[in-house]
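See below for the structure under consideration.
Please treat every number below as a calculation from the coordinates, not as lab data. What you see is a predicted model, and the numbers here were worked out from it, not measured in a lab. As a convention, Cβ positions derive from the backbone with ideal geometry for all residues, glycine included, and neighbour counts pool all protein chains shown.
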Amino acid sequence: MIKALKFFPGLICLLFCLGEIAAQAPASLVNTQIGNKGKGARKEEAYLEAGYTFPGATYPFGMVQFTPTFFHPAKGFVVNQMSGAGCEHMGNFPTMPLVGSLKTSPYDMMSLDPGFMITESGAGSFGVKAGKVDCRLTVTPHTGMASYIFPAEAKEGTVVIGSGLNGTIMKDAFIKITSSTTCEGYADGGEFCGSAANYRVYFVAEFDQKASAKGTWKDQSIRKKDTATGPFSGAWFTFNTKSKKNVHYKFAISYVSLANAKENLKAENSKWDFEGIRSNAVAKWNDYLGRIEVKGGSADHTTQFYTHLYHSLVHPNLCNDVNGDYVGADGKVHRTTKGNYYTGFSNWDTYRTQVQLISLLIPEETSAMMNSIIEFAGKSGGGFPRWVLANTETGIMQGDPTAVLVANAYAFGAQDFDTKAALKVMRAGAEVPGTKSQNFETRPHLQQYLDKGFIQASMSLEYASADFAIGQFARQAFNDEALYQVYLKRAQSWKNLYNPATSWLNSRNEDGTWKKYDEDWREASYKNYFWMVPFNLGGLVNKMGGDKVAEKRLDSFFTRIDASYNQEWFAAGNEPDFQVPWIYNWIGLPAKTQQTVKRIIREQYSNRPQGLPGNDDMGAMGAWYVFANIGLYPVVPAVAGFSINSPSFPEIVLHLPGGKLNITGGSEDKTYINALAIDGKPYNDTWISLEQLKHVQGLHFTLSNDSVQSWGTSSVAPSFDVSLLAKQNRWAFGPFVRPATGTPVLWPDSNSSFFDPMKKQPVRWESNDVFNPAATVKDGKIMVLYRAEDKSGKGIGERTSRIGLAETTDGITMKRRSTPVLFPANDSQKEFEWTGGCEDPRVAVTENGTYVILYTQWNKKVPRLAVATSRDLIHWKKSGPAFRKAYKGKYFNAPTKSASIVTQVVNGKQVIAKINGKYFMYWGEAAVYAATSTDLVNWTPVENADGSLKVLIAPRKGYFDSHLTECGPPAIITDKGILLMYNGKNRADADADPDYTLNSYCGGQVLFSLDDPLEVIERLDKPFLMPTESFEKSGQYPAGTVFIEGLVFYNSKWYLYYGCAD
């Protein structure tokens, strides 16, 4: 809390001290004056350092803001104001206490300015001396309360309330004095950034003592009438303050009716308990601000941090009354059925930072906000709005930001909203030209964008980000890979703006010819918007010529960091630039990201009224500051992850719904990351996913001021492009490199012979084929279990298969046993294994050294997935069909095969893992299914409620896996989820992927959630391994086959074994 501060319309003097701050409740650390003032080179450039924030009292996401305004502080204390919005707006029902009686009309109240001196500016409570009157203000969600203490010498005191006044020009207003202690009225919203603010706000007010005189004013006339209407009007109450100096005033508002305003006041503020109301407001702020704890920083830096977090938690704000009523986008009164209804959406700004932050910290409220904006769309024409004020779409700014906002909310944890309706609205705005929200098209010029892939440059880039976000939302919320691919491809439309003659992004005429380089950039220059391809920065860097070209361009861009909208340097106060400092992470120069972020924090932000580099924009800039100081920044829209920079506080604790995340080792003074450890293990990556963070306790940074660092320089940050290789999908394994020998590691051997117990004669058991190998580690060697066929028949499935064993110390040179280790015999399994044999093994080992093999039993009638166990890989105990006991034998005679048991690396050894207390495997050929077990022998398939098998992934029309998705080697738990490799088979008809040979098998990868191993997080759209060598394109499948079944961790490397040509 900052005290004893002077506040005048032209000047605020802020006092603060440096040094480490003692533990305090976070609400008291907020300085609401930060961003209240601004200055520029000229008067018309006031926005350069203007945060447009307000210093008064509000409640987290509350309806009321009881405060002086940024635009007209001399008018007094208003009931509604948006934080950081850069146009005059709202500011209804301003009130001002004055010493003495009222002699002349207050008119527009501008002449009443008594000179203010702020005495308290924390969260939830505001104190100011208005001339000689001590004023304290506080709030509830729908009401405000003031304590006005008049000076000792004052015999009378007057409070004026402006009904026909707000921050702009209004037309409709009414006020009525209903008693010597009460009044009520309504007023319209005036304008906002040139658009009509078509709301009506209703107002009721009370005083705790009777007025000795009262009346109204209209224009220049002061009257003792009880009513006044129209602009420049209001009411006044004069009190006898000879003995009772403290006059309390309270009010409530509603955007529905006077009756609801009265109900709001009764429900939330029925007594005259100022301290009780204030304590509740402060406690609520402590709860919300306490979701992030920072310790060890200077008082100055800590105050800035909590102030910016505070600004991030003001909007969107309540629109419904305590009874649930609100005015919808259709102008009609509705009532909420679930959660609150919110308004105040500056989505072009907040989709970049603020919605991610509140989704992490308060997902329940954020979900209600998403429902609100979805409902607004449904009642306003079917399209998303861009900038909502009360029940009005103002049409401010450009692009389709709400689609990104909703997708970001879902990705970062706010998922309890109508996702089906959300996707419908997203698609309407993106696919149907003319889709509107009230009077404004969701996507102007959509038809040209769809036909030609470009429109005005900055608008086109915004549409591309929105397309990417819609695709990600379809994938995450509905597992709709086909729709994801459609929108991912559309998102690459940014490439249509790339002008190879200049190597910059450039606007085009409708006929495709290039416009002048500086045309069509909204509130930014072409150099600012060039970097606004956050979902495919790798592609952007490649387009311009690679990392070195990008580095040179970034270095030049950061020559200055205080640019105005149209200057060609970095503008710290402008949203399209927000993510640019982190782009160094995409070109292997993380030290430059760290240096640039710290430079912006130090040079562009400060603990003073002019302490922001630009408009706070409803918390967008505040959230930028929060992320930048905790060292995690959400660069990629709709992708839950963070680009890493050096944090600013020695201790940070994020209290997330799933638990605490500790971040330690930060510093205000030290810039560069020497090392990062996650739960004690080194982490050398500049990107970390939210899924990873859910499963760790803490991140520990080691920082210094030595700019020569190797940390993070070899990592590859995520980019999304239809043409990117698997190595650009940061969760996927690879690339895998074939041995330099260029030959298979195992071949058929006509000399190997063993005595077959079924035929009762010697057979050359591996004379025809050897393929489809499993792999594990034993006694310091890789052990390969491979399928071998004799020459007992002709054609696929007509021979007898047995499992052989080979070992290697270098991963390539094999020494094999002359006899098989698993084969049909005169045992309990012969009816399932003879005459087809034992096929396609996958093997894994428990921590206690028991090897488990999952293989296919083939009797030339029904393939069955079976289990066997061993301690030495030579002698196996067959347990028979894996699903024999499940669901009373339901799957016993069903075709089942291809199982990938989940494993993890523990102390350098790959072992079988449990998930939620059970063993888990993926299985299946035509699709990927799941099963669980308590003993590794008896397995239970995962079913839907209707008793059908739950399909996790299936073939995709037009992709390399259009025919089959057959499970590969054991799945592996990584820091990003559960990775499953699978064998994708292409179709041989019109539904095939034309980029790959018809009928060919290629290797795919899919990532599942560790929290819910049935949930797909990501899936490669291109194979990471495909048949290229001659020996991979001959044999039983001449179309080409790389059939992966063995994945083993050995000597700190991954070895992948596969069958060629099957």
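Specify the inter-centroid distance of the range 174-242 and the range 882-920, based on alpha-carbon positions, in whole Å.
A separation of 73 Å, based on Cα centres.
Which of LYS103/LYS129; LYS218/LYS245; LYS176/LYS379; LYS516/LYS1022; LYS760/LYS791; LYS75/LYS262 have a Cα-Cα distance over 27 Å?
Cα-Cα > 27 Å for LYS218/LYS245; LYS176/LYS379; LYS516/LYS1022; rest within.
Using helices alone, what [θ] at 222 nm do you get for the chain, with -39,500 (n - 2.57) per DSSP H run of 4 or more residues, divided over all residues and rounded to the nearest 500?
Rounded to the nearest 500, it is -5500 deg cm²/dmol.
Treating only the Cβ of Lys, Arg, Asp and Glu as charged (+1, +1, -1, -1), what charge dipole size does the chain show about its Cα centre? Round to the nearest 20 debye.
My answer is approximately 1100 debye.
Can you tell me which aspartates and glutamates have their Cα less than 12 Å from the Cα of LYS878? Leave out same-chain residues fewer than eight positions away.
The qualifying aspartates and glutamates are ASP827, GLU833.
Starting from the Kirkwood radius over alpha-carbon pairs of the range 625-675, derive D by Stokes-Einstein at 37 °C in a medium of 0.692 mPa s and give it in µm² s⁻¹.
It comes out at roughly 280 µm²/s.
Along the charge dipole of the chain, which of LEU165, PHE305, HIS445 sits closest to the positive end, that is, farthest toward it, with unit charges on the beta carbon of Lys, Arg, Asp and Glu (+1, +1, -1, -1)?
Checked the options; the winner is PHE305.
Determine, for LYS914, LYS271, the number of other Cβ atoms within 10 Å of each Cβ, and report the residues in order from fewest to most.
In order of increasing Cβ crowding within 10 Å: LYS271, LYS914.
With only Lys, Arg, Asp and Glu charged, each at its Cβ (+1 for the first two, -1 for the last two), find how big the charge dipole of the range 6-281 is about the Cα centre; round to the nearest 20 debye.
My answer is approximately 840 debye.
Note down the magnitude of the dipole of the range 164-236 about its Cα centre, charges +1 on Lys and Arg C-beta and -1 on Asp and Glu C-beta and zero elsewhere, to the nearest 20 debye.
320 debye
Among TRP504, VAL486, PHE557, pick out the residue whose Cα is farthest towards the positive end of the charge dipole of the range 483-573, where Lys and Arg carry +1 and Asp and Glu carry -1 on C-beta, about the Cα centre.
Projecting each Cα onto the dipole axis, the largest value belongs to VAL486.
Loop only per DSSP, at most 12 neighbouring Cβ atoms within 10 Å: give me the GluC sites (Glu not before Pro) in the range 202-284, ordered by residue number.
Sparse-neighbourhood loop GluC sites (Glu not before Pro): none present.
Can you find, among ASN983, PRO881, MET96, the residue farthest towards the positive end of the dipole of the chain? Put +1 on the C-beta of Lys and Arg, -1 on that of Asp and Glu.
Ranked along the dipole, the leading option is PRO881.
Going by how many other Cβ atoms sit within 10 Å of their own, how do TRP711, TRP348, TRP569 line up, fewest first?
The most exposed by this proxy come first: TRP569, TRP711, TRP348.
How would you rank SER643, SER818, SER752, going from fewest to most other Cβ atoms within 10 Å of each one's own Cβ?
With the sparsest Cβ surroundings first, the list reads SER818, SER752, SER643.
What do you get for the angle between helix 620-630 and the principal long axis of the chain? Use alpha-carbon atoms, 0 to 90 degrees, nearest ten.
50 degrees
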